[in-house]
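I have placed the structure first, in the form of structure tokens, so that the comments after it can refer back to it.
The values are calculated or read from the model by the stated rules, or taken from the named source; none is laboratory data. Every value quoted in this text rests on a predicted model; they were computed, and no experiment measured them. Here Cβ is always computed from backbone atoms with ideal geometry, including for glycine, and neighbour counts include all displayed protein chains. Side chains included, ligands, DNA and RNA excluded: accessible areas come from the protein's heavy atoms. Shrake-Rupley method; radii C 1.70, N 1.55, O 1.52, S 1.80 Å.
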Amino acid sequence: MLVEFKNHIDKNLSFLKESKLLVAISGGIDSVVLAHLCQTLGLNFSLAHCNFNLREEESNKDEDFVIDLAEGLDVEVFIQNFDTEVYANQHKRSIQMAARELRYDWFKDLAEQLNFDYILTAHHADDNLETFLINFTRGTGLNGLTGIPMINANVARPLLPFSRVHIETYAKDKNIRWREDASNASRKYLRNKLRHEVVPILKEINPQLLDSFQNTLSNLNDTALIVDEQLRDFTERAIVSEDNLGTTYKISEFKNTSNPKAYLFEVFKPYGFPEWNDVVDLLEAQSGKLVKSNTHRLIKHRDHLILTALCHSEPSETSLIIEENNTKTETPFGHLFFDDVDAISETSKHIIYVDKDLLKFPLELRLWKEGDSFQPLGMTGKKKVSKYLKDEKNSLVEKENTWVLTSGDYVIWVVGKRADERFKITKNTKSILKVSVHWSGGN
């Protein structure tokens, strides 16, 4: 196996030979063998061990073993203790998911703080098969069937081509010691159930199962590349705009495909929408209809779908007070500038000019609310802000993020949209205040 491992590193992961590496080590056979292989090849690595405190004294024995291993290999070791059950309860996670999040968050922090180039994990070919079967049994798209990536950002998995049998044989031949985790024999977890009950039957049917599986993964990954290329082209056509509020897509582009549901799934699956039929129904729904995931909303607005993070559905209640001597105010959407000028020059929806003597300081900047009204510049009568936004065909997201600048009980400006007639410059104006907005985030 050592020769095969070296050839694999030389051919596919040669950059690891010049990198500073952090090997995730549990004390089990897979990660221990990985550590020994890295040492034999002369790679520059340290060990990182998580004590999840889930197996009472056994967890502490794992920690002690890893410390001894590091001493024997003459490498640095980092140990972190976690109260995994508390974390799982607080974040409503399964124990396995909680441990995964804690583990990878800590690895990421270590890599950033101590300048490790890559984190190495000991996933192997049997893990890959089990992950494939887990995704298959739960239902997934093509990407869920393409296996564990060998490289994902700064995480590399150099044992992925090797089977559990390869690893066990190497460990026994080299008299390598490791720790057995009794929980690996439990049928409580789906992965273990597949490992002990399903995979052996599949290997009995096909003794070359892992080889056949690798060929299948290769074919699926080739197909995934074609799909990704097609999807990139489609997305470029479908996206109308992207800014700090969200991403807008043309519904017509989805409808023009032979399978709109498939394209909706591929475009929006990263955002965790649970009911795909509800997403499909948005194509024919009335404006304002939406679906939610735990993190995002997808909103139907006329001929478009707008994807926005849920944080934008809960706008800040911040109210900013602006004193007379303020010249610049930082806001959640950018900056407001206030300048005393002698005359009106350039005009746009981002700039207004008002009669300063008509203002009552301090001014207030806030999100609009029900009941707000103003007299749009050029009009003779008042209009509710809600009616104005509707008439302007603003989307739900735009409405939620509309701000007003007020003087006392009066709206001076629906920011970036329309000024109020009552504060306009006239021949009697003596002091002109220029108010301009510089948007952040692409508005």
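As an exercise, take the mean of 1/r over every pair of distinct alpha carbons in the range 302-439, invert it, and state the Kirkwood radius in angstroms.
Computed over Cα pairs of the range 302-439, the Kirkwood hydrodynamic radius comes out at 15.7 Å.
Let me see the pair-distance distribution of the chain: every alpha carbon pair, 20 Å bin width, integer percents in order.
The percentages, shortest bin first, are 19, 38, 28, 14, 1.
Using the alpha carbons of the range 289-375, what is the convex hull volume per residue in cubic angstrom, as a whole number?
That works out to 168 Å³ per residue.
What percent of all Cα-Cα pairs in the range 226-309 falls into each 5 Å bin, going from 0 up to the bin containing the maximum distance?
P(r) for the range 226-309, in whole percents per bin: 3, 15, 28, 29, 19, 5, 1.
If I fit a long axis through the Cα atoms of helix 209-238 and take the longest principal axis of the Cα atoms of the chain, what angle between them do I get, 0 to 90°, rounded to 10?
10 degrees
Could you provide, to the nearest whole Å², the per residue accessible area of the range 323-443 with probe 1.4 Å?
Here the per-residue accessible area is 54 Å².
Taking every eigenvalue of the Cα gyration tensor of the range 165-231, multiplying by 5 and rooting it, what semi-axes result, largest first, whole Å?
31, 17, 15
Residues of the range 421-438 with the amide nitrogen closer than 12 Å to a label point 7 Å from the Cα of HIS350, along Cα-to-Cβ, please.
Taking a point 7 Å out along Cα→Cβ of HIS350, the residues of the range 421-438 whose backbone N falls under 12 Å are 436-438.
At 0.890 mPa s and 25 °C, plugging the Kirkwood radius over alpha-carbon pairs of the range 1-91 into Stokes-Einstein gives what diffusion coefficient in µm²/s?
Translational diffusion coefficient: 171 µm²/s.
Give me, ordered by chain and number, the residues 5 or more places off PHE45 or on other chains with an amide H under 5 Å from its own placed amide H.
LEU21
Which GluC sites (Glu not before Pro) in the range 276-348 sit in a loop by DSSP (not H, G, I, E or B) and have at most 14 other Cβ atoms within 10 Å of their own Cβ?
In loop regions of the range 276-348 (DSSP not H, G, I, E or B), the sparsely surrounded GluC sites (Glu not before Pro) are GLU317, GLU323, GLU324, GLU346.
Quick one: 3J(HN,Hα) in Hz for the range 111-125, Karplus 6.51/-1.76/1.60 with θ = phi - 60°, rounded, Gly and Pro as x.
4, 6, 6, 10, 6, 6, 7, 9, 9, 9, 10, 9, 4, 10, 4
Using each residue's phi in the range 82-91, evaluate 6.51 cos²θ - 1.76 cosθ + 1.60 at θ = phi - 60° and report the 3J(HN,Hα) Karplus result to the nearest Hz, with x for Gly and Pro.
Values per residue, Gly and Pro as x: 10, 9, 5, 5, 4, 4, 4, 5, 5, 9 Hz.
Can you list which of the trypsin sites (Lys or Arg not before Pro) found in the range 67-169 are DSSP loop residues with at most 15 other C-beta atoms within 10 Å?
LYS92
Which value, in nm² and rounded to one decimal, describes the direction-averaged projected area of the C-alpha convex hull of the range 60-117?
Orientation-averaged projected area of the Cα hull: 4.8 nm².
Highest mean first, what order results for 52-60, 398-406, 229-237, 419-427 on Cβ atoms within 10 Å?
My ranking of the peptides, most packed first, is 398-406, 419-427, 52-60, 229-237.
Under a 5 Å amide H to amide H cut-off, with H placed in plane at 1.01 Å, what residues pair with THR331 once short-range neighbours are removed?
Correct list: LEU336.
Measure off 7 Å from each Cα along the Cα-to-Cβ vector at LYS17 and MET379, then give the distance between these two points in nanometres to one decimal.
For the pair LYS17/MET379, the computed spacing is 7.3 nm.
In nanometres, what is the gap between the two model label sites at ILE79 and VAL341, each 7 Å from Cα along Cα-to-Cβ?
Label-label distance for ILE79 and VAL341, simple model: 6.8 nm.
Write down the Å³ per residue value for the convex hull defined by the alpha carbon atoms of the range 177-284.
228 Å³
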